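This report concerns only the one structure given below.
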Amino acid sequence: MLKRLLLLGLALFLTAGLLTGCGGSKPTAEKQGEKTLSLVLDGVASRQHELEAVAQYLKKVGVDAQVRVWEKNALLNEIKAGNRQAYAQDWGSAIFDPFDLAVPKLKTNERGNYSFYSNAKFDELLEKGAFGDNDQEREKAYKEAQQILYQDAPWIFGYYLDIIHGVAANVQGYKPAMDNRINLHDVSLSDGKDTLAVGLNIDRIPSLDPANHREREAETVIRNMFDGLVTRTPDGKVVPEIAESWKRPSPTVYEFTIRPGIKFHNGDPLRIEDIVFTFERILSPTGINGKQSPRVGLLGPLKKVEKVDNRTVRFTLDKPCPQFLQLLVHTQIVPEKYLKAVGDQKFAEKPVGCGPFKLVEAKLDSQIVLERFDGYYGGSPDLPPVGPAKLKKVVFKMLPEPSTRVAALKAGEIQIAEDIPVDVTKDLQNDPKVKIVTTQGTRCYMIELNNKKITDPKVRQALNYAVNWDELLGAIYGSHAHRLSTAFLPSGFGFDDSIKPYPYNPEKAKQLLKEAGYKTP
């Protein structure tokens, strides 16, 4: 509610500026060849107030800006068809490298390039940055790419947000992760209780099959049941998990040695064959119920996985991929024999992993209950404590409404609440039963521009100069939102901190619009 009031006040202030900012003078007569730039800003309900404030800023420089609110999937279908002009979107990075943000969002014809941006030199630099085998050259290429992106301005560049979680005061050993994972293996309760509940910002988990989803919340649940060859520390460092060690005999080959004695929840020992099967299932065009796994993009240029001996597995890539270890974090190992015996559908209903917790109950639109796996091998030595989890039972509850999550936290019904709204953090900080924990987020929020409809870079630059993001974000998020100069995140490899975000400069915006043939106040 506070956020809405702040934004309403901001919008009213800006609207008043539109009425009084010209000193009461009449609009200048339209010159020959000049036209008004009309723009519809599209978005879902959660971004409506932000877009309305952006529209008011654009109106101050002469843009006829309107806002339209959509259902998420309907808007995405219209965007992909190229029917819209400008649309609020977001995209997360899972591996701390532009490989999974700038590449899919801005490289020509890539799967997430909803702005239809295309620049051959930019594409070439992204390729060098993503797949080069020399970090200095990679960094140089990424920085050159950011300079091009800043000038081309295919988006109204936006911001990233801190991750804010509410945690009960009796929770110990919990650290929020930059990739949003909620790792419960390391968590305990100081009052001796052994059951912990988490409120997730989602209405339904799409699947408990680790190879059949692309949701961060689903991965949070799954990675408490399944382990991978490697995992990450809360700040993003890759460390061994099922793997004991690894080596890189050549730029396109990785070999992993597996820890002995690991068992799945059904008692079957983990074998090298299970690892090969896990990856081949994702790589196969018909690997899951006759369809391609949605996780295949997270394997990069992986070409082949093969058994070397009973404790060694080899991965061969089509080309060097410095991010490969980061990518491997997102693949969890499944038991080949069990999965083949029950089939893909039954496996998704009753999954078996080798992680610290095993499934008890799965109501995907309500709650998922897990209990401690006492036969757990212990997890990564780099993430102590090592051994079985301290909690006996954990419950993940689907609570998509922020107010519901906050109320459940205050009432003690859950002990961890993800994605706490900024406007209630002060209230929670005054509650002795609750603490607020934060970390840097890895999701980019922007207004994408259809570059096939808004073809002139001067116009796109003008739109960036026209928006006072500092004022707008301060009203919504306080100190928890951070401006971005392009589509590259500061947590990602090769980030160029010498490029500053577009400053608020309405006069510069008007100048550029005039040069592009549009009239301004």
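Details
Residue by residue, here is whether (1) out of contact with any Asp or Glu (no Cβ under 7 Å at 6 or more places or on another chain); (2) surrounded by 18 or more Cβ atoms within 10 Å (Cβ to Cβ) holds:
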| site | (1), (2) |
| --- | --- |
| Glu273 | no, no |
| Pro294 | yes, no |
| Arg311 | yes, no |
| Phe315 | yes, yes |
| Gln326 | no, yes |
| Ile333 | no, yes |
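- You will find that of Asn77, Asn113, the residue that is outside any helix (DSSP H, G or I) and either touching a Pro at 6+ places or on another chain (Cβ under 8 Å) or surrounded by fewer than 23 Cβ atoms within 10 Å (Cβ to Cβ) (or both) is Asn113 and no other.
- Subset tally (residues that are surrounded by fewer than 21 Cβ atoms within 10 Å (Cβ to Cβ) and aromatic (Phe, Trp, Tyr)) for segment 335-369: 1
- In segment 34-74, the residue that is nearest to Ser403 (Cα to Cα) out of those that are surrounded by fewer than 15 Cβ atoms within 10 Å (Cβ to Cβ) and of a type in the set (Asp, Glu) is Glu71.
- Members of segment 465-484 that are touching a helix residue (DSSP H, G or I) at 6+ places or on another chain (Cβ under 8 Å) and in a helix (DSSP H, G or I): Tyr465, Ala466, Glu471, Leu472, Ala475, Ile476, Tyr477, Gly478, His480
Listed here are the residues, each with its yes/no results for (1) closer than 28 Å to Ala45 by Cβ; (2) among the polar types (S, T, N, Q); (3) surrounded by 18 or more Cβ atoms within 10 Å (Cβ to Cβ); (4) in contact with a strand residue (DSSP E or B) (Cβ under 8 Å, 6 or more places away or on another chain).
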site	(1), (2), (3), (4)
Leu409	yes, no, yes, yes
Glu413	yes, no, no, yes
Asp419	yes, no, yes, yes
Cys444	yes, no, yes, yes
Asn451	yes, yes, yes, no
Asp470	yes, no, no, yes
Phe488	no, no, yes, no
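- The criterion of being hydroxyl-bearing (Ser, Thr, Tyr), at pLDDT 95 or above, out of contact with any Gly (no Cβ under 6 Å at 6 or more places or on another chain) and within 17 Å of Leu391 (Cα to Cα) does not hold for Thr252.
- Listing of strands (runs of 3 or more DSSP E) fully contained in segment 189-264 that carry 2 or more residues being over 26 Å from Glu401 (Cα atoms): 230-232, 238-240, 243-250, 253-258
- Exactly one residue out of Thr331, Thr286 is more than 24 Å from Asp179 (Cα to Cα) and at pLDDT 95 or above, and it is Thr286.
- Count of segment 346-397 residues which are β-branched (Val, Ile, Thr), part of a strand (DSSP E or B) and free of Cβ contacts under 8 Å to residues at least 40 places away in the same chain: 2
The values are calculated or read from the model by the stated rules, or taken from the named source; none is laboratory data. Every value quoted in this text rests on a predicted model; they were computed, and no experiment measured them. Here the Cβ is made from the backbone with ideal geometry for all residues, glycine too, and neighbour counts use every protein chain on show.
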